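The values are calculated or read from the model by the stated rules, or taken from the named source; none is laboratory data. As the structure is a prediction and not an experimental result, all values here were calculated from the model. Here the Cβ is made from the backbone with ideal geometry for all residues, glycine too, and neighbour counts use every protein chain on show.
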Amino acid sequence: MKDLSNEQMIHIKDGNIEYLQFKRLLEYKDKINHCYTLKGNNQDYKEVQSDNYSSLYKSLNLNYEKFTKIDYQAHSDIIEKVNNNKERFTNIDGLITDKKGISLSLRFADCTPILFYDPIKNVIGNIHSGWRGTIQKIGQKGLIKMIEEYGCNKEDIICCIGPCIEKCHFEVGEDVKEIFKKTFSNSVDEELFISKPIIKENEKKYFIDTTIINKKLLEQIGINPENIIISNICTVCNKEQIHSYRAEKEKSGRNTAIIGLI
Ligand SMILES: [Zn+2]
């Protein structure tokens with residue numbers, strides 16, 4: 001299988017386990033660990049009890065007993081604080097915590113994972129920003145919650161935008177294009193995130209760049225652009241190695257993004 005490493009990401013193969021990591025977050029390996037799983041290990045919550053999943057945690061040096069997940073991610077803009085590993089969450093799309101030993105685990109198939117880390121306050125966040133979440137500016141809301149709940153300084157927070165359906169494949173019709181245009185054209189240069197139309201079966205189609213929108217949203221809060229890291233990996237382009245809903249429809253599995261405090 002192709003090595004997906006690039007300037008920002010490193011592709012790890014540990015036995016039958018494969019995942020991507022942000023080089024920038026690996027600078028803090030004594031405090032946190034993280035990953036975005038690849039098909040190589042076929043991770044999914046369906047297999048949450050399997051050896052494979054605990055080996056993943058072992059490979060990451062994270063505590064498998066203390067992982068927190070969201071039972072159902074609802075494309076909302078709701079983010080919750082995690083205080084201990086006994087809590088259950090559903091119908092939300094983001095988790096933040098400052099509790100050592102806890103990891104935050106969310107599922108993705110084309111939607112954008114955004115991982116946050118404040119190395120000064122030692123606070124982490126994991127956000128599910130699909131296109132509906134992006135429209136609701138969930139990335140901004142996650143940061144605001146970290147600042148309000150844990151006293152994080154925006155200057156310190158590192159934001160990592162993970163693999164997702166990139167502009168090359170995120171084709172939408174007039175209706176979705178209009179929602180993006182209405183929501184963001186006041187604050188982001190429209191030419192940056194909406195392509196010129198193409199005609200397909202007599203209908204106009206557009207390509208939307210949600211990564212650039214998410215980056216701009218983080219910058220608008222006051223995040224230092226140097227602290228915004230973009231994976232530059234499209235899930236559809238790499239469908240042999242990454243689960244993609246657009247490429248595989250209902251058959252699609254999920255990739256898991258994990259960030260945890262050691
Ligand atoms: Zn693509």
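Looking only at residues of the range 30-58 that are at pLDDT 95 or above and surrounded by fewer than 17 Cβ atoms within 10 Å (Cβ to Cβ), we find that the one that is nearest to the chain's Cα centre (by Cα) is K31. Picking from residues in the range 218-230 that are touching a strand residue (DSSP E or B) at 6+ places or on another chain (Cβ under 7 Å) and among the aliphatic types (A, V, I, L, M), the one that is farthest from the ligand (Cβ to nearest atom) is I223. Highlighted here are the helices (runs of 4 or more DSSP H) found entirely within the range 152-262 that include at least 3 residues which are within 27 Å of G125 (Cβ to Cβ): 174-184, 210-221. Could you check the range 198-213 and list, in sequence order, the residues that are within 16 Å of the ligand (Cβ to nearest atom) and not aliphatic (A, V, I, L, M)? The answer is K205, Y206, F207, D209, T210, T211.
Among the residues of the range 125-141, those identified as out of contact with any Gly (no Cβ under 7 Å at 6 or more places or on another chain) and of a type in the set (A, V, I, L, M, F, W, C) are W131, I135. Take the conditions in contact (Cβ under 8 Å) with a residue 24 or more places away in the chain and within 20 Å of F22 (Cα to Cα) and apply them to I208. Does it pass? So I208 does not fit the description; no.
Evaluating E250 against the criteria (1) within 14 Å of the ligand (Cβ to nearest atom); (2) surrounded by fewer than 13 Cβ atoms within 10 Å (Cβ to Cβ) leaves one unmet condition, (1).
Residues checked against (1) within 16 Å of the ligand (Cβ to nearest atom); (2) surrounded by fewer than 22 Cβ atoms within 10 Å (Cβ to Cβ); (3) in the same structural domain as A109 (by TED's automatic domain parsing):
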| residue | (1), (2), (3) |
| --- | --- |
| M146 | no, no, yes |
| G162 | yes, no, yes |
| N186 | no, yes, no |
| K196 | no, yes, no |
| K216 | no, yes, yes |
| N232 | yes, yes, yes |
| V236 | yes, yes, yes |
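Restricting the range 117-135 to residues that are assigned to a loop (DSSP other than H, G, I, E, B) and over 15 Å from the mean Cα position of the chain (by Cα) leaves a set whose member that is surrounded by the fewest Cβ atoms within 10 Å (Cβ to Cβ) is I120. Taken as a whole, the structure places V176 among residues that are among the β-branched types (V, I, T) and more than 13 Å from the ligand (Cβ to nearest atom). For the range 2-37, the set of residues classified as in contact with a Pro (Cβ under 9 Å, 6 or more places away or on another chain) and either of a type in the set (S, T, Y) or under 16 Å from N61 (Cβ atoms) (or both) consists of E27, Y28, K31, I32, Y36, listed by residue number.
K99 falls short on exactly one of the conditions (1) in a strand (DSSP E or B); (2) over 14 Å from the mean Cα position of the chain (by Cα), and that condition is (1).
On the stretch given as the range 9-23, residues that are among the acidic types (D, E) and modelled with pLDDT of 90 or more total 1.
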